[in-house]
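Since the structure comes first, as structure tokens, the remarks are kept for the end.
Bear in mind these aren't lab numbers, they're just calculated from the coordinates by the rules spelled out. Fair warning: this is a prediction, and the values are worked out from it, not measured in the lab. Reconstructed Cβ throughout: ideal geometry from the backbone, glycine too, with neighbour counts over all protein chains shown.
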Amino acid sequence: MRFNSSADHCALSFFDGSLQIVSTMFGDVIHTIKDDEMIFPITSLTWKPTFDESTDSQKLLGACLNGSIIRWQYSMGATVEHISLNTENKFHAIDYSGDTRRFVVAGSKPYIEIYDENRMTRVQQMGDRIHPAHTNKIFTCKYNPNAPNQIISGGWDKQVRFWDVRSNSLTASIGGKTSISGDGVDISQDNNYVVTGGGTLGEGVKLWDMRNLEDPLR
């Protein structure tokens, strides 16, 4: 489930691969979307950041387990566009960049991919098989909305990592402390605190100080 920037629309993905667009103001289901290509669940959703609250400006991307993404915008009604990106990967995470020109995806492979949305081409990759970004599935990968050149990722390898897009390098990490199984990482507006939600090891919700990531505050 994901709310758009103004929180007046919500997108929900279901186990059968279908997608719903819901008006949060009235609770109405605006569209239920399901076609022959929507076989597996859409594992992650991201709305295009916008200050324009008009329906025409609303755009949504979704990550899929076959290495493709779906793209929806209001004018498409109850249909989506299917775009194949990397058939070797099974995507579990997706997020728009703050400037809305690019998006990041990650999943079963040991690297993080950044794509230019207009051209739908990969423009950057962090990690590879020799120097992996993560050593197990990546379940969250997002741009920091308060620091547009930072990406935060986390996965089953018990690592939460902070990347500088400009230098394509790792700048900080929370290592061996919490296993991320979904979209379970967020950062405060002042960039001083990080919250993680671990699941597989029963870690629960933890709060971290970015100035000292050795141990959680609580």
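Structure notes:
- Flagged links, alpha-carbon separation over 25 Å, of Lys137/Lys177; Lys48/Lys177; Lys48/Lys206; Lys34/Lys59: Lys48/Lys177; Lys48/Lys206
- Cα-Cα pairs of the chain separated by more than 26 Å (percent): 34 percent
- Largest-first principal axis extents, alpha carbons of the range 85-209, Å: 40, 32, 21
- Net charge in the neighbourhood of Ser5 (other residues with Cβ under 10 Å of its Cβ; Lys, Arg +1, Asp, Glu -1) is -2.
- Projected area, mean over directions - the range 70-156, Cα convex hull, nm²: 6.3 nm²
- Partner aspartates and glutamates for Lys109 [C-alpha distance under 18 Å; skip if fewer than 8 residues away on the same chain]: Glu88, Asp95, Asp128, Asp157, Asp183
- Projected label distance in nm at Ser108 and Phe51, using a 7 Å step from Cα toward the beta-carbon: 4.2 nm
- Charge tally for Asn192 (other residues, Cβ to Cβ under 11 Å; Lys, Arg +1; Asp, Glu -1): -1.
- GNM top mover of Thr178, Thr46, Thr100 - the chain, alpha-carbon springs below 10 Å: Thr100
- Cut-off 12 Å between beta-carbons: net charge of the residues surrounding Asn149, Lys and Arg +1, Asp and Glu -1: 0
- Sites excluded, chymotrypsin sites (Phe, Trp or Tyr not before Pro) in DSSP loops with at most 12 other C-beta within 10 Å, longest stretch of the chain: 52-218
- Rounded Å value of the spacing that divides the Cα centres of the range 143-218 and the range 24-55: 27 Å
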